[in-house]
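Asker: The structure's right below; bear with me while I get my questions together.
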Amino acid sequence: ERLLYVLEDSATEIVMTDAANAPSLAGTGAQLLYVDEERDTDSPATTAMGNGGPAGPESLAYVMYTSGSTGRPKGVMIEHRSLANYLWWAAGAYGMDEGQGALLHSSIAFDLSVTSLFAPLVAGRSVILVPQEGEAEAFGNALRRQNDLTLVKLVPSQLEILERQIASEELRERVRSVVLGGEALSAESIATWRKAAPETRFFNEYGPTEATVGCCVYELPPNGKKGAVPIGKPIAN
């Protein structure tokens, strides 16, 4: 029901899917392109996409739909200028020019993934894709296999799950920066990781989808107070 609503609301004309999911898109009126179907790549394109001009700062980078928990889902339209500003800021604030890249473990329909996907790539770092099947366990296994990661981005509730999967002594020198967002954060939530890996930096990032991932950030000091963590100060611009 959500998919059909999003396609109708956004007036989507072309949908990339696979044969297994195609039946759920029946009746949308959109043209379906199957990613698991062989195509003649030598054939010239017959349909012009977009308005024919180059993308500019005001062009859309993506449209992301909200959860709809307070009503119908709303399509949030993010322009290239907003995404570029966030990534330029994040590259410096999170030290993206150091370390071995980031783990991407969350759905790309959730803007938490924007940081883990694009920030490493624009800084010339790797993105390690975590399998979607058994997501919680797969993330713990992926983290255990890596050393000196540049960044991991989580929601605070995932920390509790992670602590049941990976021993505290295995957290040392695993990640340079841990960015938390999407939920209220307390200092107690990171106490285990902080004690096991004192070299890791921790950030509380706040921002609604409409403000392009994050608009405020707070870096937790090594010996901060207990209790609720502030959302900090506005990022650049």
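Asker: Please find, within region 91-148, the residue that is nearest to the chain's Cα centre (by Cα) out of those that are among the aromatic types (Phe, Trp, Tyr) and not in a loop (DSSP other than H, G, I, E, B). It would help to see each step written out before you state the result.
Answerer: Residues of region 91-148 that are among the aromatic types (Phe, Trp, Tyr), as a first pass: 94, 110, 118, 139.
Narrowing the set further to residues that are not in a loop (DSSP other than H, G, I, E, B) leaves 118, 139.
Values: Phe118: 8, Phe139: 14 Å.
Only one residue tops the list, namely Phe118.
Asker: Where the second residue is assigned to a loop (DSSP other than H, G, I, E, B) and among the hydroxyl-bearing types (Ser, Thr, Tyr) and the first is without any contact (Cβ under 8 Å) to a residue 40 or more places away in the chain and under 14 Å from Glu8 (Cβ atoms) and lies in region 18-37, which pairs have Cβ atoms under 7 Å and are six or more apart or on separate chains?
Answerer: Matching pairs, first to second residue: Ala30/Thr12.
Asker: May I ask you to say which residue of Val179, Val152, Val122 is touching a residue at least 60 places away in the same chain (Cβ under 8 Å), hydrophobic (A, V, I, L, M, F, W, C) and either buried (at least 18 other Cβ atoms within 10 Å of the Cβ) or closer than 29 Å to Pro230 by Cβ (or both)? Step through it out loud before you land on a result.
Answerer: Numbers: Val152 fails: touching a residue at least 60 places away in the same chain (Cβ under 8 Å); Val122 fails: touching a residue at least 60 places away in the same chain (Cβ under 8 Å).
That would be Val179, the only listed residue that is touching a residue at least 60 places away in the same chain (Cβ under 8 Å), hydrophobic (A, V, I, L, M, F, W, C) and either buried (at least 18 other Cβ atoms within 10 Å of the Cβ) or closer than 29 Å to Pro230 by Cβ (or both).
Asker: Within region 214-224, is even one residue in a loop (DSSP other than H, G, I, E, B), at pLDDT below 90 and surrounded by 15 or more Cβ atoms within 10 Å (Cβ to Cβ)?
Answerer: Within region 214-224, the subset in a loop (DSSP other than H, G, I, E, B) is 214-215, 220-224.
Subsequent filtering for residues that are at pLDDT below 90 retains 222-224.
After this cut, where a residue has to be surrounded by 15 or more Cβ atoms within 10 Å (Cβ to Cβ) as well, the list is 224.
Yes, region 214-224 contains at least one residue that is in a loop (DSSP other than H, G, I, E, B), at pLDDT below 90 and surrounded by 15 or more Cβ atoms within 10 Å (Cβ to Cβ).
Asker: For region 76-95: of the residues being touching a Leu at 6+ places or on another chain (Cβ under 8 Å) and crowded, with 18+ Cβ neighbours inside 10 Å, which is farthest from Leu180 (Cα to Cα)?
Answerer: Per the criteria, the residue is Ile78.
The values are calculated or read from the model by the stated rules, or taken from the named source; none is laboratory data. Bear in mind the structure is a predicted one, so any value in this text is a computation, not a measurement. Note: ideal-geometry Cβ built from the backbone for every residue, glycine included; neighbour counts use all protein chains shown.
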